[in-house]
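Notes for the one structure printed next.
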Amino acid sequence: MQKLKEDIQKQWASNLPFVAYHSPNSGEVSCFFQKEAGLRYLQNYEESGFIFSPFEVNSRPIFFSEENSDVLKYELIDAEIDYVSKFSLKNTLSDKNKYIDLLQHTITAIKNEEYKKVVVSRVMTEDYTLENPEELLLKLIHFYPEAFTYVWFHPEIGLWAGASPEIFAKTYRTKFETMALAGTKRVNENREWTQKELDEQQIVTDEIVSALENHTQNVQVHPRTTDQAGDLFHLRTDISTDLDSSKLGLVLKDLHPTPAVCGLPKAKAYKFLKENEGYDRKFYTGFFGELNVAKQTQRSKRTRNQENQAYKSIVRASNLYVNLRCMSFNYGKVHVYVGGGITKDSIAEEEWTETVNKSRTMLKVL
């Protein structure tokens, strides 16, 4: 891991863009080290590289291309982690009252039948000094190996880092996969899922299926499960279908933002958030990950059958995640983003508590 640490620190010290990331339960860390400091945007969804897209629906994703970056992989070896938390975020009474007011306003609007669901969020900001982004990445991997963990940096944007449990889209040949993830409870809570949480998750599932059916047939909805992400449980439904790769950009445009991070009806909920949340989400609840990255396949691993070596092939695959459980850092400030899905049955005080619970994901590594 020493080589990984040195390479990230060198890129960081040189003020050059990079992303270092770990896929769920993988044995390696992947990196894109961009060779120059320019800000490049995605031109089309046939390009190959790492995409970082904001919540704003009309914004273009930032793109690190395979052609303009050194793309490296490092074997993941257990490293000693400092378990002591040295940082805290202050949730003041003013912060709480402001968010409770937003929650109550949202619940009233839903009960007036303007919306089925709205996902409201907040940001917590504190002074912070970040000198070693490589250590931040290793802590994220250590504490959340089942999530997609990453540290992303561009000198014109700042640094973002997170541990996302939510797949936005996976592609492999003609296979397309996504998930509906909603509902939150702490692992140590001894209770069943509430009807409000079950309904919220079903709303997300139905909307994703509806969006996919505009572009493909035979959408498969798998049984709902409980998924653990760090210290939290979520309700999860996997959804899959076959998809023509040329339609990927159109499908992602229809899916983003999902009801899990925005609400329903989507256009109305999005407008409500822009008018009422009171801050710019930037890349929080956007999406990010590998786009059309080369994956080598081999028909057989039997070394005695040398003919099979001729059957190695390169397949382009995408692994995109929703940017949840994340933080950003710039100009000596750290920002931690949290939110929750609100329905007519939501209780404002409980929703506030949920955001406090979710903030612990980043506090654990800061």
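The values are calculated or read from the model by the stated rules, or taken from the named source; none is laboratory data. Computed from a predicted model, the values in this text were never measured in an experiment. Cβ atoms come from the backbone with ideal geometry, glycine included; neighbour counts cover every protein chain shown. Accessible surface areas use protein heavy atoms only, side chains included; no ligands, DNA or RNA. Shrake-Rupley method; radii C 1.70, N 1.55, O 1.52, S 1.80 Å.
Each Lys or Arg adds one and each Asp or Glu takes one away; over the other residues whose Cβ falls under 11 Å from the Cβ of ARG122, this sums to +1. Each listed q (0.14, 0.33, 0.35 Å⁻¹) maps to a log10 I(q)/I(0) for region 208-249, found by the Debye formula over equal Cα scatterers with no solvent: -0.44, -1.14, -1.22. For region 60-173, the Cα-based Rg and Dmax, in that order, read 19.4, 54 Å. May I ask for the net charge around GLN43, where only other residues with Cβ less than 13 Å from the Cβ of GLN43 are counted and Lys, Arg are +1 while Asp, Glu are -1? Here the count lands on -1. What you get for region 203-247, charging only the Cβ of Lys and Arg (+1) and of Asp and Glu (-1), is a dipole of about 40 debye around the Cα centre.
Take every Cα pair under 8 Å whose residues are at least 6 apart in sequence, average their separation, divide by the length of the chain, and the relative contact order is 25 percent. List the GluC sites (Glu not before Pro) in region 15-109 that DSSP assigns to loop (not H, G, I, E or B) and whose Cβ has at most 11 other Cβ atoms within 10 Å. Which are they? Sparse-neighbourhood loop GluC sites (Glu not before Pro): GLU36, GLU67, GLU80.
Accessible surface computed residue by residue for the chain, with neighbouring protein chains in place and a 1.4 Å probe, gives 47 Å² per residue.
Quick one: longest stretch of the chain between exposed loop trypsin sites (Lys or Arg not before Pro), exposed meaning at most 10 other C-beta atoms within 10 Å and loop per DSSP? That gives 192-300 as the longest site-free run. Qualifying chymotrypsin sites (Phe, Trp or Tyr not before Pro) in region 135-187, where qualification requires a DSSP coil assignment and no more than 15 other C-beta atoms within 10 Å, are lacking entirely. The apolar share of the surface of the chain, taken as the fraction of accessible area on carbon and sulfur atoms (1.4 Å probe, ligands and nucleic acids excluded), comes to 46 percent. Checked against a 28 Å cut-off, the cross-linked pairs LYS35/LYS364; LYS175/LYS266; LYS10/LYS253; LYS253/LYS333 give Cα-Cα distances beyond that limit for LYS35/LYS364; LYS10/LYS253; LYS253/LYS333. Hey, could you grab the Kirkwood Rh for region 162-223? Inverse mean 1/r over distinct alpha carbon pairs, Å, one decimal. It works out to 13.7 Å. Binning the C-alpha pair distances of the chain at 20 Å intervals from 0 yields a P(r) profile of 29, 59, 12, 0 %, listed from the shortest bin outward.
Hey, if you put +1 on the Cβ of every Lys and Arg and -1 on every Asp and Glu Cβ in the chain, which of HIS335, THR125, SER14 ends up farthest toward the positive end of that dipole? With unit charges placed on the Cβ atoms, the residue in question is SER14.
Placing SER30, SER88 in order of accessible area, with the largest value first and a 1.4 Å probe, yields SER88, SER30.
Our helix-only sum for the chain, with -39,500 (n - 2.57) per DSSP H run of n ≥ 4 divided by its residues, gives a mean residue ellipticity at 222 nm of -8500 deg cm²/dmol. Charged side chains reduced to their Cβ positions (Lys and Arg at +1, Asp and Glu at -1) give region 98-174 a dipole of some 540 debye around its Cα centre.
Neighbours of LEU103 by Cβ distance under 11 Å: Lys/Arg scored +1, Asp/Glu scored -1, total -2. Looking at region 17-117, the pairs of alpha carbons with a distance over 23 Å make up 60% of the total.
Taking the inverse of the mean 1/r over every pair of distinct Cα atoms in region 118-185 gives a Kirkwood hydrodynamic radius of 14.9 Å. Radius of gyration over Kirkwood radius for region 107-244, both on Cα atoms: the Rg/Rh ratio is 1.02.
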